[in-house]
Structures are given as C-alpha cells and as structure tokens.
Amino acid sequence: MFDVIIAGCGPTGATLAAELRLHGVRVLVLEKETEPVSYVRIVGLHIRSIELMAMRGLLERVLEHGRKRPAGAYYAAIDKPAPPGLDSAHAYLLGIPQPVIVQLLEEHAIAQGAQIRRGCTVTGLEQDDDEVTVELADGERLRTRYLVGCDGGRSTVRKLLGVGFPGEPARTETLMGEMEASAPQQEIAATVAEISKADRRFVFGPAGAGAYRVVIPAAGVSDRAEPPTLDDFRQQLRAIAGTDFGVHSPRWLSRFGDATRLAERYRVGRVLLAGDAAHIHPPIGGQGLNLGVQDAFNLGWKLAAQVRGWAPETLLDTYQAERHPVAEDVLDNTRAQMELNSTEPGPRAVRRLLTELMDIDEVNRRLLEKITAIGIRYDFGAGPDLLGRRLPDLDVKQGRLYGLLQHGRGLLLDRTGRLTPGGWSDRVDHLGDPTAALDAPCVLLRPDGHVAWIGDDQRDLDVQLSRWFGETE
C-alpha cells in the first residue's frame, strides 16, 4: 500500500515524487519505458523553473550541465532583448539536454527516497472513497491512496478516468533535429537567409561542434509517435530549399504538431493529472516542460498535506483552481505565437506591428513574464498586488531566501518582531527581521514560494495559517 503512485517518470513525475518525499510520503513511480530517452534534444528552463530549482537546492547541479543564454526573443522568436530590471536573481534561459534534466530530477527523487520501477505500463484503475487500485500490463495490482497521471499527452490515466481533452487537433507538423551538413557554410547561410524572409518555421542554424539545428515544416500531419528519419529531413529540405545541404550524422530527430488541448478536470476523486497528461500545445516559446514542472511544485505539498492528514478541506482543490487557468493562458499564447509565424499576409502584418510594439518596455515585459511564468498571480482574494505572486530570491541575513525553502515548508518572514507561526511551527518556519528589501511588515510564503498573506496582525495571520496549513492539535 503506497501513499501515492505516479504514472510517468518524465520531468513532471520525477519532480512531483521528490516534492512528496520532502514530507515523508511513500511514493512509487511507474515508468513504461525500460530505458531513459536516448535522443539529446536541448530544452530550455525559463526563469520560474530555474527559481524552483534554486528553491530545492538543485540549481548548482543543473547549471553544471546547462548553458546560460540571455533572456529575450522568446515570444514567437521576435528578436527583442529582455526589458531592463527583470525582478529575478535568475534572469536568463538555461539550455540543457532533455535526458540530462530528466536524469537529474530522477536522481533527486531517488535520493529523497522515491521508488522508481521501469517497464511498468498502467492498463487499468479502480477507485473508491479510501484508495485506488492500479492494474499493470503484466496483471499485477497495486494499491495506493492517490494516483497521479504524469504519463504524457496520450495519457492512459486520463483516458481511463474518462476526462475530456477538448481543443484542436494538429493541423500542421514540424520536423526538428540536430545533424551535420557537408554543404559550405556560406551556401547554407545565404539559402537560409532567403527562405527565412517568407517562412518563420524554417530554421537551419549552428548547434555547436559542426552540427546544425534544423526545423522544417513536414509534408503533412502524421499520427506516428516515433521520430522521423533522416530521409524525411532530406526530402523536405529539397522541397523547401532546393537542396538537402548534404545532411548526415544526426544527433537526434523528432517531430511535433500544433495540437492544443486542455483536460476538463485535473482531479477525479483520488486520481489527479499533471504535466502533458493535463495539457498539450506546440513547443513554440519552450513552455511545455516548464509548465509541467511548475504543476508538480504546486501539487506536491498540497497532496502531501492530504496524505499526512493536516490539509484544509479545500486545499487539494486549489491545485486545479490555480493551475488550470495558467495552462489556459499558455495554450492561448502558443496559439497566438503559431499565428504570428504564419506565412499569410494578415499574420505577417500583425507580426510587424507586434515587433514595433515590443520596443515599449512594458509590452515586452508582459510577454516575457508570460513565457517565463514569473508574472503568475494566483487569486487569493483581495489584497496588495504581491498577494498570490511568487517572491523573488531576496537577500536575507542567512544568505538567499530560496535557501530557506529547501525542505518544502511554509515560511513566515517577519519584520515586526511580534508575529509567530505558533501551533503551525511543525509546518511553517519563522525568520525574524529578514531583509530591508522586503516592502511589507510580514509575509507568509507557501512551500511553492507564493505569497499567501501580507500583514502585521497575529489574529489575521492565524486565520491564514489555518487556511493554508490546516488546524493545529
């Protein structure tokens, strides 16, 4: 009998497992693949995900394997630098191979005590008021108090639940990969420059060590889940560029469509959905992996509280209430970005107009905050603008703020010297006179770093402690 079984050991599932283990939850992760992914696709960690890595003490390890790039030019690849004064100590993009970040997150989960079993495919589930029974392809049946589907866009868990996945099917498909080319570099650059004037979906640029990153429209939409072949790339390159540039020796090859879908519900009883199992969208803007990891940080402490028995009655429901609108916004901004990359005259005119408007710092900032998720504000009710937002990694007397959140507990930042978490001290840490940079008398942070309360009255604080961290004994 486990507390939580997670289907899928991608970035979302591994992150969620580690978050649950911070609170002593018995976790089993089931991964249908017998081996980790082999293709070396580069993914980007945006500002908020980098902050979350820092919040759990993972950032230094992640930085060893990644490459920092300037923040900016995220929105529909419109080439604008980041606006000045971004409110983050980690205002950059971190490019990192996907297998590496998955491995680091998996190792972190294992180090925290999570069990991971590979070659295990979920084929059935049953639930009642007390538990969920999970059936595997080999007939084994496992019992758990909760099940979380982190098993991707074709999620078996979502389908078994019968949760609707409305949206738009793929209308276009794109091939993406990294490979070497034998054509002269000047010839490649001249041809690519000419094609890119009319087709924003076409990319053929240096990827380091003599390789090129190639992104090209596919001939049609395929229902195949397997990667394309090098011949698929050669065929499309000849059709679009008139030459295949002599491409050879691929590092990795993949395909993606522009299907855009959002699960109607994130929770049915004791079964929940996170990551691509809950939402899919085109990879433009590089938000997919980040969105799933951030789902896990939002859900982890809440589900742990439910398992440990101190969660307020409605706490677990706030997972969908907070994250579903975030996913809706991501789906909308990817839809808009795809339109801005169209070769049709109307979208091209809108792109020129937006390119001009992004010279205004506030426009540029708003779009960048959407992509990087640092502009998210959860609805916690009336209050100052900071309420519901994440607090940046401020300087505090003990070093950096995020270093105080590594154990996944709440944190009371108290400049008054009069307030205390009292009976909630087993779930909420206290830091007196934290920093002059904090423009508030007292701030209560949730384990995910979002501001749950601002004020200076103990009775009001106790109400909010009860709201987020349950009743005391």
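Rolling a 1.4 Å probe across the protein heavy atoms gives the stretch 211-359 an accessible surface of 40 Å² per residue. Output the pairs from K32/K159; K68/K370; K80/K197; K68/K302 with a Cα-Cα distance over 23 Å in this structure; if there are none, say none. Over 23 Å Cα-Cα: K68/K302.
Phi-derived couplings, Karplus 6.51 cos²θ - 1.76 cosθ + 1.60 at θ = phi - 60°, listed residue by residue for the stretch 268-273: 10, x, 9, 10, 10, 10 Hz, with x used for Gly and Pro.
Here the stretch 370-431 was treated as a single set of alpha-carbon atoms; its pair distances binned every 10 Å from 0 give 18, 42, 36, 4 percent.
Using the Cβ-Cβ distance between R238 and H65 with R0 = 25 Å, the FRET efficiency computed as 1/(1 + (r/R0)^6) comes to roughly 0.10. Take every pair of alpha-carbon atoms less than 8 Å apart whose residues are at least six positions apart; their mean separation over the length of the chain yields a relative contact order of 18 percent. The stretch between E356 and N341, if pulled fully straight at 0.36 nm per residue, gains 3.8 nm over its current Cα-Cα span. Expressed as a whole percent, the accessible area of the stretch 91-231 that falls on carbon and sulfur atoms is 48 (1.4 Å probe). The calculated Kirkwood hydrodynamic radius for the stretch 99-163 is 13.4 Å, given to one decimal from all distinct C-alpha pairs. Per-residue SASA remark: S88, around 20 Å² accessible (1.4 Å probe; ligands, DNA and RNA not included).
Applying D = kT/(6 pi eta Rh) to the stretch 125-253, where Rh is the Kirkwood radius over alpha-carbon pairs, T corresponds to 20 °C and eta to 1.002 mPa s, the Stokes-Einstein value obtained is 119 µm²/s.
Dipole size in debye (nearest 20) for the chain around its Cα centre, Lys and Arg Cβ +1, Asp and Glu Cβ -1? Dipole of the chain, to the nearest 20 debye: 620 debye.
For q = 0.14 Å⁻¹, what log10 I(q)/I(0) does the stretch 1-153 give under the Debye formula with an equal point scatterer on each alpha carbon and no solvent? Values returned for q = 0.14 Å⁻¹ are -0.76. In degrees, nearest 10, range 0 to 90: what is the angle between the Cα axis of helix 318-340 and the longest Cα principal axis of the chain? In the chain, helix 318-340 runs at an angle near 20 degrees to the longest axis.
Using alpha carbons only, the radius of gyration of the stretch 132-182 set against its Kirkwood radius gives Rg/Rh = 1.20.
The listed peptides 244-255, 12-23, 203-214, 42-53, ordered by packing as a protection proxy, come out as 12-23, 42-53, 244-255, 203-214 (highest mean of other Cβ atoms within 10 Å first). Ordered from largest to smallest accessible area (heavy atoms of protein chains, 1.4 Å probe), the residues E313, E362, E187, E131 come out as E313, E362, E187, E131.
Counted by Cβ distance under 12 Å from E131, the other residues give a net charge of -1, where Lys and Arg count +1 and Asp and Glu count -1. Rg/Rh, computed from the Cα trace of the chain with Rh as the Kirkwood radius, has the value 0.98.
The values are calculated or read from the model by the stated rules, or taken from the named source; none is laboratory data. Treat the numbers as computed from the prediction; the structure is a model and nothing was measured. No Cβ is skipped: glycine too gets one built from the backbone with ideal geometry, and neighbour counts run over all protein chains shown. Areas reflect the complete protein model, heavy atoms only, side chains present, ligands, DNA and RNA absent. Shrake-Rupley method; radii C 1.70, N 1.55, O 1.52, S 1.80 Å.
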